[in-house]
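Inspection log for the structure reproduced underneath, given as structure tokens.
What follows draws every value from the coordinates through simple rules; no lab data is involved. Owing to the predicted nature of the structure, the values given are computational and were not obtained by experimental measurement. Here the Cβ positions follow ideal geometry from the backbone for every residue, glycine too, while neighbour counts run over all protein chains shown.
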Amino acid sequence: MLIEGPNSDESYYVLPAGTTLYYDKSFSEGHDRYIVYFYHKGVIAYEDVPMKPEYKGNFVSPLWMSNVDADALKKMFKRFPLSKEDVAAVVKANGITKDDMADIIRSMPD
């Protein structure tokens, strides 16, 4: 899952495979909200958020998250192009064989 950076800063982060998402709420606009829990050691650096009446005692500022699809990858790789060395490192790290690579290349349109 891709997580958009705060305040639409055009950064993306990856939620690791296998992370448990807990359903929270559906919205009439057509999106859902999920909760993820983290453990943290040490002291968290933070800023106090002043509680305003419109927050009604609870301030939630979620980030947007979406599935990784081909279009999302194309957008990211246009912003962060990969070198041959980068691609080789990814392939090696994932245990893809030369035969796998040949199959991938054969399946690509000309």
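About its Cα centre, the dipole of the chain is roughly 160 debye, where the only charges are +1 on Lys and Arg Cβ and -1 on Asp and Glu Cβ. Built from the Cα atoms of the range 49-110, the convex hull projects on average onto 7.9 nm², one quarter of its surface area. Seen from all directions on average, the range 2-43 presents a Cα convex hull projection of 4.6 nm².
Report, as a whole number in µm² per second, the diffusion coefficient that Stokes-Einstein gives for the chain at 4 °C and 1.567 mPa s using the Kirkwood radius over alpha carbon pairs.
In µm²/s, the coefficient is 71.
When Y22, Y39, Y34 are arranged by Cβ crowding within 10 Å, least crowded first, meaning fewest neighbours, the order is Y39, Y22, Y34. Only Cα pairs under 8 Å and 6+ residues apart enter the sum, and on that basis the relative contact order of the chain stands at 23 percent. Sorting Y46, Y23 from the fewest to the most surrounding beta carbons within 10 angstrom yields Y46, Y23. Going from the residue with the fewest nearby Cβ atoms within 10 Å to the one with the most, I105, I35, I3 rank I105, I35, I3.
What the phi angles of the range 21-29 give under the Karplus curve with 6.51, -1.76 and 1.60, with θ = phi - 60°, is a coupling list of 9, 9, 4, 10, 6, 9, 10, 5, 6 Hz, glycine and proline written as x.
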